[in-house]
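The values are calculated or read from the model by the stated rules, or taken from the named source; none is laboratory data. Fair warning: this is a prediction, and the values are worked out from it, not measured in the lab. Cβ sites come from the backbone with ideal geometry, for glycine too, and all protein chains shown count toward neighbours. The area values use the complete protein model at the heavy-atom level, side chains included, leaving out ligands, DNA and RNA. Shrake-Rupley method; radii C 1.70, N 1.55, O 1.52, S 1.80 Å.
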Amino acid sequence: MPYFCNTKISHMKILVLNSGSSSLKFQLFDMPQTKVLVKGLAERIGEATSRFKANDYEVNQPIGTHKDALQLLTTYLLDDKNQIIKDTSEIVAVGHRVVHGGNTFVQPTLITEEVKDKIKELFSLAPLHNPANLTGIETAEEIFKDAKQIAIFDTAFHQSIPVENHKYAIPETFYEKGIRKYGFHGISHQYVSREANKILERTDTKLITLHLGNGASATAVRNGKSFDTTMGFGPMNGLIMGTRSGDIDQSIIFYLMDKLNYTLDEIQTILNKQSGMKALAGSNDLRDIETATDNGDNQAQLALKMYAGAIKKYIGNFTAQMNGLDALIFTAGIGENSQKVRELVCKNLDVFGIEIDKKKNKNPKDYQGDISGQDSKVKILVIPTNEELEIAKQTFDLMQS
Ligand code: AMP
């Protein structure tokens with residue numbers, strides 16, 4: 001049970017929830033020790049083939065709703081065999097990942113009815129994510145009635161981006177209507193940039209964090225704050241991704257509509273789900289593309305070249321904007337695991353003082369993630385992201401205050 005000291009809660013169990021439209025990822029932390037008590041997920045919610053996994057326990061059974069998934073979790077937590085909690089009231093706070101906080105939410109936020117209404121207002125800005133996030137919140141409110149519900153926004157870290165980097169050169173009326181760069185993956189960029197500063201033992205740093213997963217974005221982080229990022233008003237801009245195009249010329253959209261008779265919905269689907277690496281190399285899984293490259297597949301080789309090229313362009317852009325670079329950080333599924341992508345990205349960047357050590361790059365873990373060459377002026381780091389831990393920490397800090 002949590003105990004209270006001078007009205008500050010100094011020790012508590014925090015549940016972190018990341019709700020997608022048909023999935024629910026969760027981790028239960030003992031804070032501030034950051035000990036993970038339970039980690040798992042429910043996936044394919046609403047389908048016949050749903051799966052629930054918590055630590056070593058796994059079950060395949062239909063899970064109709066997010067509430068059913070949370071109920072499975074509660075049963076697991078309360079089970080005598082697992083000895084995790086005796087009562088749901090032991091969970092003092094639930095930290096929720098919420099993708100879009102618009103201009104409204106710049107900090108971890110205690111969820112109230114008013115906050116939920118604002119999250120609803122932002123549905124149009126993140127139609128795939130915010131509704132699912134709200135479902136997670138409402139379900140957790142029902143099941144963990146005693147817990148404080150806290151929202152941690154993926155866009156919040158990027159609210160420090162200065163106006164010259166977040167405003168588009170379009171008529172002012174649209175800026176007034178909230179059309180600006182918001183940026184995404186903020187929780188991940190914040191987490192790895194803080195970890196990088198610990199390694200550098202300074203906070204007055206110029207960093208580029210590369211979150212390369214199924215979705216991908218790069219962020220320029222100056223003195224611990226987001227200064228610019230590749231995603232914009234929505235999560236399609238910037239780097240080439242698994243199924244998203246990244247930067248394209250806007251006129252392509254007009255041409256597709258006017259001359260080739262595609263509807264807006266079809267164009268959305270093309271740019272969100274049928275583009276990126278899937279379009280270039282036939283798969284959105286980088287492991288397949290690497291295998292194809294090894295087998296001499298020209299399309300796969302071109303796709304990887306373009307993938308790395310898009311990242312390089314932003315390394316140049318951000319280094320110029322910050323007038324320097326102290327560290328380049330690779331994270332997420334591809335950033336953490338793909339030796340080939342890291343090598344291609346860093347190749348021929350000695351002009352910026354970026355020189356990778358190929359031997360260290362084979363197995364970064366053996367070198368505490370530091371894969372910089374001996375003469376590299378810029379540190380090249382591989383830092384596993386941990387969005388759940390970041391959410392737990394921010395939730396804990398808010399509870400403390
Ligand atoms: P994430 O969205 O962070 O889970 O990253 C997912 C992507 O990471 C997948 O699409 C894979 O392409 C990539 N990935 C995962 N493991 C590896 C690996 N060992 N080597 C190369 N890519 C990987």
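This table checks each residue for (1) in a helix (DSSP H, G or I); (2) at pLDDT 95 or above; (3) within 26 Å of HIS96 (Cα to Cα).
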site: GLU141; (1), (2), (3): yes, yes, yes
site: LYS145; (1), (2), (3): no, no, yes
site: GLN149; (1), (2), (3): no, yes, yes
site: HIS158; (1), (2), (3): yes, yes, yes
site: ASN165; (1), (2), (3): yes, yes, no
site: ALA169; (1), (2), (3): no, yes, no
site: THR173; (1), (2), (3): yes, yes, no
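With the structure loaded, tell me whether LYS86 is among the charged types (D, E, K, R), farther than 23 Å from SER50 by Cβ, out of contact with any strand residue (DSSP E or B) (no Cβ under 7 Å at 6 or more places or on another chain) and part of a helix (DSSP H, G or I) or whether it fails that test.
no
Determine which member of the set PHE144, PHE123 is within 22 Å of ILE14 (Cα to Cα), in contact with a helix residue (DSSP H, G or I) (Cβ under 8 Å, 6 or more places away or on another chain) and of a type in the set (A, V, I, L, M, F, W, C).
Selected residue: PHE144, the only one of PHE144, PHE123 that is within 22 Å of ILE14 (Cα to Cα), in contact with a helix residue (DSSP H, G or I) (Cβ under 8 Å, 6 or more places away or on another chain) and of a type in the set (A, V, I, L, M, F, W, C).
How many residues does the stretch 333-354 hold that are within 12 Å of the ligand (Cβ to nearest atom) and open to solvent by 10 Å² or more (accessible area, probe 1.4 Å)?
6
For GLY242, indicate whether it is closer than 25 Å to LYS393 by Cα and within 16 Å of the ligand (Cβ to nearest atom).
When the stated conditions are applied, GLY242 does not pass them.
Identify, from the list ALA220, ALA126, the residue that is surrounded by fewer than 24 Cβ atoms within 10 Å (Cβ to Cβ), more than 16 Å from the ligand (Cβ to nearest atom) and among the aliphatic types (A, V, I, L, M).
Going through ALA220, ALA126 in turn, just one is surrounded by fewer than 24 Cβ atoms within 10 Å (Cβ to Cβ), more than 16 Å from the ligand (Cβ to nearest atom) and among the aliphatic types (A, V, I, L, M): ALA126.
Restricting to the stretch 254-293, count the residues that are away from the ligand (no atom under 15 Å from the Cβ), among the aliphatic types (A, V, I, L, M) and open to solvent by less than 80 Å² (accessible area, probe 1.4 Å).
The number of residues fulfilling the criteria is 5.
Can you tell me which condition GLY64 does not meet? The list is (1) in a helix (DSSP H, G or I); (2) open to solvent by 10 Å² or more (accessible area, probe 1.4 Å); (3) free of Cβ contacts under 8 Å to residues at least 60 places away in the same chain, and all the others hold.
(1)
Read through the list (1) more than 30 Å from ARG222 (Cα to Cα); (2) assigned to a loop (DSSP other than H, G, I, E, B), then give the number of the only condition that ILE137 fails.
(2)
Please verify whether the stretch 364-386 includes one or more residues that are touching a Gly at 6+ places or on another chain (Cβ under 7 Å), open to solvent by 20 Å² or more (accessible area, probe 1.4 Å), more than 16 Å from the ligand (Cβ to nearest atom) and of a type in the set (Val, Ile, Thr).
Scanning the stretch 364-386, I find no residue that is touching a Gly at 6+ places or on another chain (Cβ under 7 Å), open to solvent by 20 Å² or more (accessible area, probe 1.4 Å), more than 16 Å from the ligand (Cβ to nearest atom) and of a type in the set (Val, Ile, Thr), so the answer is no.
Kindly list, by first and then second residue, each pair from a residue in the stretch 218-232 that is assigned to a loop (DSSP other than H, G, I, E, B) to a residue that is of a type in the set (S, T, N, Q) and open to solvent by less than 10 Å² (accessible area, probe 1.4 Å), limited to pairs with Cβ atoms under 6 Å and residues at least 6 apart or on different chains.
THR230/SER217; MET231/SER217
So which of LYS148, LYS167 ends up being touching a strand residue (DSSP E or B) at 6+ places or on another chain (Cβ under 7 Å) and open to solvent by 50 Å² or more (accessible area, probe 1.4 Å)?
That would be LYS148, the only listed residue that is touching a strand residue (DSSP E or B) at 6+ places or on another chain (Cβ under 7 Å) and open to solvent by 50 Å² or more (accessible area, probe 1.4 Å).
Looking at HIS189, is it modelled with pLDDT under 95 and either surrounded by 20 or more Cβ atoms within 10 Å (Cβ to Cβ) or away from the ligand (no atom under 16 Å from the Cβ) (or both)?
When the stated conditions are applied, HIS189 does not pass them.
I'm checking my understanding of the structure. Among residues of the stretch 301-326 that are of a type outside the set (S, T, N, Q) and not in a helix (DSSP H, G or I), which one is surrounded by the fewest Cβ atoms within 10 Å (Cβ to Cβ)?
The extreme case among them is GLY324.
I'd like to know if the stretch 79-101 contains one or more residues that are free of Cβ contacts under 8 Å to residues at least 24 places away in the same chain, touching a helix residue (DSSP H, G or I) at 6+ places or on another chain (Cβ under 9 Å) and within 24 Å of ASN130 (Cβ to Cβ).
Scanning the stretch 79-101 turns up no residue that is free of Cβ contacts under 8 Å to residues at least 24 places away in the same chain, touching a helix residue (DSSP H, G or I) at 6+ places or on another chain (Cβ under 9 Å) and within 24 Å of ASN130 (Cβ to Cβ).
State whether the residues of the stretch 196-206 include one that is more than 16 Å from the ligand (Cβ to nearest atom), under 20 Å from SER124 (Cβ atoms) and surrounded by 16 or more Cβ atoms within 10 Å (Cβ to Cβ).
No, because not a single residue in the stretch 196-206 is more than 16 Å from the ligand (Cβ to nearest atom), under 20 Å from SER124 (Cβ atoms) and surrounded by 16 or more Cβ atoms within 10 Å (Cβ to Cβ).
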